[in-house]
Amino acid sequence: MVERTLGAKILGRNYETEHEIVIQSLKNGKTLNTGEITLLQSEVQRFVNAARRRKLKITAIHNHWLFEKPRLIYLHLETVENPIVFARKLRSALDVLKK
């Protein structure tokens with residue numbers, strides 16, 4: 001889990017968000033790598049573009065909550081590759097959220 005402070009509220013209460021990254025067991029130098037990334041609605045297109053440029057496969061984009069503020073969107077991605085390569089690609093894609 002990678003915590004992210006977005007100042008989100010659900011029903012007026014603070015809601016802490018995170019990115020969930022899972023790297024499965026190694027086989028032939030590769031792993032199944034998955035992630036669920038929490039984004040602000042305004043960040044979705046920028047992150048999608050960054051992930052696609054890095055060949056990260058996007059498998060779902062959806063919300064979890066109704067009436068949360070700001071609007072949170074959850075993006076799922078996956079790859080099968082060396083986990084170090086995956087981590088570097090993901091770190092690079094996440095960097096666009098700082099801008």
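Treat the count of other C-beta atoms within 10 Å as a stand-in for reagent exposure and order S25, S42, S92 from fewest to most.
Going from least to most buried by this count: S25, S42, S92.
Relative contact order, whole percent, for the chain stands at 29, derived from Cα pairs under 8 Å and 6 or more residues apart.
What list do you get for T17, T59 if you sort them by fewest beta carbons within 10 Å?
On the way: T17 19, T59 12.
Final ranking by Cβ density, sparse to dense: T59, T17.
Over all projection directions, the Cα-based convex hull of the chain averages an area of 6.2 nm².
Each value in this text was obtained by applying a stated rule to the coordinates, not by laboratory testing. Predicted, not measured: the structure shown is a model, and the values here were computed from it. Please note: Cβ atoms are built from the backbone with ideal geometry, for glycine as well, and neighbour counts cover all protein chains shown.
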